[in-house]
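The values are calculated or read from the model by the stated rules, or taken from the named source; none is laboratory data. Quick caveat: nothing in here was measured; it's all calculated off a predicted structure. Cβ placement follows ideal geometry from the backbone for every residue including glycine, while neighbour counts extend to all protein chains displayed. Surface areas here come from the heavy atoms of the whole protein model, side chains and all, with no ligands, DNA or RNA. Shrake-Rupley method; radii C 1.70, N 1.55, O 1.52, S 1.80 Å.
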Amino acid sequence: MLGILFAGFAPGLALLTYFYLKDKHEPEPVSMILFTFISGALVFFPIAFIEYILKAENVVIYNSINAIFSASLIEEIFKWSVLFFCAYRSVEFDEPFDGIVYGTSVSLGFATVENIFYLMTNGMDYALTRAILPVSSHALFGVIMGYYISRAKFTKKSKWVWLIISLLLPALLHGVYNFLLLKAGTWLSITPYMGFLWWLGLRKVQLAEKSSYDYFQKNHFIKQGTKLKPGMKLYFPIKG
């Protein structure tokens, strides 16, 4: 049991740590990261219940196109709601890169609980595959969701456009992922798509880093070592 818990938690925590450490300007409070991670974990249960009811009542047929895309939409709606109500409105969400951090925190909270239940049901033989595919894909959907929800927060115009994109684009990407995984089900089909998701996610990380740099410049926090909070400093990894 301890092995399953470790294998279930480890990939999510590793990915969350990676994206958290990418926030070079003003790292988020650990308490907020835990809050969003746990909130993301808790939505696993209503999502699982809704998906079970939809299948049990034959509202959607398992492995059908409707089931594949409805499942991705349901999951992303719940994760988006947590991100919007728990992080977007928080005073701690105070720079563009924060969307990446909170987006991955919520998504990886959900992915971690999903991963633990899957391993409990199917065994440890799937631990590596789960880490490489579902857990990391959820992290990347969170990156993309967080990037666009930051665009909504720090853009004066068209906020609702960015909010809609922050929900629908991850849901679409998630649906394509599910389709490739369930319909084709081979590494040959899913590997190129995962490569694309990593490229897209890391591109959004890079753009968010640049946006945070520009944001602090605009607000006159332009000197290296400028103190923002007790014991915390601002550093700029991007030049120009």
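For this structure, a couple of remarks:
- Residue that is farthest from Leu202 (Cα to Cα), among those in the stretch 16-28 that are touching a helix residue (DSSP H, G or I) at 6+ places or on another chain (Cβ under 9 Å) and open to solvent by 30 Å² or more (accessible area, probe 1.4 Å): Pro27
- Selected residue (criterion: nearest to the chain's Cα centre (by Cα)) from residues of the stretch 108-121 that are under 27 Å from Phe196 (Cβ atoms) and not hydrophobic (A, V, I, L, M, F, W, C): Gly109
- Those residues of the stretch 39-50 which are under 16 Å from the mean Cα position of the chain (by Cα) and surrounded by fewer than 16 Cβ atoms within 10 Å (Cβ to Cβ), in sequence order: Leu42
- If you check Ala127, Ala139 for being under 10 Å from the mean Cα position of the chain (by Cα) and crowded, with 19+ Cβ neighbours inside 10 Å, only one passes: Ala139.
- Scan of the stretch 94-124 for residues that are open to solvent by 30 Å² or more (accessible area, probe 1.4 Å) and among the polar types (S, T, N, Q), ordered by number: Thr121, Asn122
- Only listed residue being modelled with pLDDT of 90 or more, hydrophobic (A, V, I, L, M, F, W, C) and surrounded by 15 or more Cβ atoms within 10 Å (Cβ to Cβ), chosen from Val91, Val82: Val82
- Of all residues in the stretch 147-158, those that are assigned to a helix (DSSP H, G or I) have Cβ atoms under 8 Å from Cβ atoms of residues that are of a type in the set (Lys, Arg), 6 or more apart or on another chain, in Tyr147/Lys204; Ala152/Lys159; Lys153/Lys159.
- Scanning the stretch 59-75 for any residue that is in contact (Cβ under 8 Å) with a residue 40 or more places away in the chain and at positive phi turns up at least one such residue.
- Verdict on Leu173 being closer than 23 Å to Arg89 by Cα and out of contact with any Gly (no Cβ under 9 Å at 6 or more places or on another chain): no
- Within the stretch 58-79, if we keep just the residues that are of a type outside the set (A, V, I, L, M, F, W, C) and modelled with pLDDT under 75, the residue that is least open to solvent (accessible area, probe 1.4 Å) turns out to be Ser64.
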